[in-house]
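The structure appears below as structure tokens.
The values are calculated or read from the model by the stated rules, or taken from the named source; none is laboratory data. Everything quoted here is computed from the prediction, not taken from an experiment. Cβ coordinates were reconstructed from backbone atoms using ideal geometry, including for glycine residues, and neighbour counts include every protein chain displayed.
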Amino acid sequence: MRRLKRDQKMRVALTLNGRKLSAEAEPRLLLTDFIRHALGATGTHVGCEHGVCGSCTVLIDGVAQRSCLTLAVQAEGRDVRTVESLAAADGTLNALQAAFRNNHALQCGFCTPGILMSFTDFLTRNPHPSEGEIRDVLSGHLCRCTGYANIVKAIKEVAKE
């Protein structure tokens, strides 16, 4: 990779939610900001900017990662999926989203995109988790509204299917 000056920009090309996109980014630009401001996918939320709250979680090559701890340039050539990729083109919610709705697992919704993305990855790898495993993954997310009980209930509902 070539060395860039601090304010010099480079073109970052990636696949976002199935679409090949590219935009200019400074070397220090976080993936959260690149996704939201350069590419227009605002479903990824910016919370703590320290990797603690989980609201910025996206899938990079199918693996849940904190986009506030990832530089945009690190996503070059990668497949990035955000919460916008979960529902069908006609707006039909996927099973996890529907379970969140059915179980009142969201209130303000700020943390929800990150939780949905973490569990999209997790349930792919572990489709029938125990409640303890669900709570372990959920411990990487901060939610100030729900108390987590209905989130766990929603994930357990999807895991039964």
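A single member of ARG36, ARG78, ARG28 is buried (at least 19 other Cβ atoms within 10 Å of the Cβ), outside the structural domain of LEU123 (by TED's automatic domain parsing) and among the charged types (D, E, K, R), and it is ARG36.
For GLY47, state whether it is on the phi > 0 side of the Ramachandran plot and either outside the structural domain of LYS153 (by TED's automatic domain parsing) or in a loop (DSSP other than H, G, I, E, B) (or both). Spelling it out, it is not the case that GLY47 is on the phi > 0 side of the Ramachandran plot and either outside the structural domain of LYS153 (by TED's automatic domain parsing) or in a loop (DSSP other than H, G, I, E, B) (or both). Figure legend. Inter-residue proximity from the range 64-83: first residues touching a residue at least 60 places away in the same chain (Cβ under 8 Å), second residues buried (at least 22 other Cβ atoms within 10 Å of the Cβ) and among the aromatic types (Phe, Trp, Tyr), beta-carbon distance below 8 Å, spacing 6+ or different chains. Indicated pairs: ALA72/PHE34; ALA75/PHE34.
Taking the range 86-106 on its own, how many of its residues are on the phi > 0 side of the Ramachandran plot and either of a type in the set (Lys, Arg) or without any contact (Cβ under 8 Å) to a residue 12 or more places away in the chain (or both)? Summing the residues that are on the phi > 0 side of the Ramachandran plot and either of a type in the set (Lys, Arg) or without any contact (Cβ under 8 Å) to a residue 12 or more places away in the chain (or both) in the range 86-106 gives 1. Exactly one residue out of PRO129, PRO113 is at pLDDT 95 or above and not in a helix (DSSP H, G or I): that is PRO129. When residues in the range 82-95 are screened for being closer than 25 Å to LEU14 by Cβ and surrounded by fewer than 20 Cβ atoms within 10 Å (Cβ to Cβ), 8 of them pass. Pairing each residue of the range 117-133 that is closer than 21 Å to ARG81 by Cβ with any residue that is assigned to a loop (DSSP other than H, G, I, E, B) and not aliphatic (A, V, I, L, M), provided the two are 6+ apart or on different chains, yields C-beta distances under 8 Å for MET117/THR82; SER118/GLY54; SER118/GLY140; SER118/HIS141; ASP121/GLY62; PHE122/PRO129; LEU123/PRO129; THR124/GLY62.
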